[in-house]
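J.: Attaching a single structure in structure tokens format; questions to follow.
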Amino acid sequence: MDLEKEYKKLYQHWLHEFEQPNLTDLNRKLFDQYSTLLKSIDTHQEDETDTIKFKVFESYKKNITFLYEDLQEMRELKIINTALVLKELNLENVLEAEKLLYQNIISSIKGYRKVKAISIFEGQELTEPEEQIQIQDDTVPEIDETEPIIEKEPQISETSAKQEREELDFMLLRFIKKTPPLVGIDLINYGPFEEEDLASIPSQNAKILILEKFAEKVDIS
């Protein structure tokens, strides 16, 4: 292994990461090369009797260790900051662990905002569409219309599911745009729906659909 060459390669990557706000490309192959370099210097024993050579090697070891660890820390901070502001991140050339970190933070933030919006909404009386509470765009995150809106898979028996379904409140909705299928809290599949479709949906799911502006409540009184 050409220690000087590998050191310069790692240093240039670290410098590039340090100088720009966006995340640099780091695939698994390149990361494994850096890891191999670090492992190599950690396991290597230089002859201490050759004072100059020993000091040079120790200097390389110290610097490489710093660059390797600091590179990962910088990337972690960039990923966290990007996710916190819900900014899109190119996940094609990042490590799998970094991808999972970004996706988990995004999911947590969106989940929190949706629950927060629902808790606010439940304190309001549902009225005609023009009188319903207005939720700003930054309160409720955008939803991917190609995926189910709610996914729940609690492990309960068929009898329990039937009893819970009978106890649920339902709401009649009129859909105002094409809506992807969803799994209700009663574990029943609903949809997909087209514009102007009518459907009776469990109230908790219905409130989310109204908040996301997929549907409006139909007053049948």
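Bear in mind these aren't lab numbers, they're just calculated from the coordinates by the rules spelled out. Owing to the predicted nature of the structure, the values given are computational and were not obtained by experimental measurement. Virtual Cβ from ideal backbone geometry, glycine too; neighbours counted across all protein chains shown.
J.: For an R0 of 41 angstrom, estimate the FRET efficiency from the Cβ-Cβ distance between D50 and N81 and round to the nearest 0.05. Write down the numbers at each step before the final one.
T.: Details: r = 46 Å, r/R0 = 1.11.
After rounding, the FRET efficiency stands at 0.35.
J.: Could you list, in their original order, any pairs among K99/K178; K29/K62; K9/K61; K5/K78; K9/K78; K8/K62 whose Cα atoms are separated by more than 19 Å? Mind dumping the intermediate values first?
T.: Numbers: K99/K178 31 Å; K29/K62 23 Å; K9/K61 15 Å; K5/K78 27 Å; K9/K78 21 Å; K8/K62 14 Å.
Exceeds cut-off: K99/K178; K29/K62; K5/K78; K9/K78.
J.: What residue among V85, L101, L15 has its Cα farthest toward the positive end of the dipole of region 3-104, where the charges are +1 on Lys, Arg and -1 on Asp, Glu, each on the Cβ?
T.: Going by the charge dipole, the pick is V85.
J.: Under a plain spin-label model, where a point goes 7 Å from the Cα along Cα-to-Cβ, how far apart in nm are E88 and Q20?
T.: For E88 paired with Q20, the spin-label model returns 1.8 nm.
J.: List every residue whose amide H lies under 5 Å from the amide H of M171, counting only residues 5 or more places away in sequence or on a different chain, with H placed 1.01 Å from N in the peptide plane.
T.: When sequence neighbours closer than 5 places are left aside, the close amide H contacts are I201, S203.
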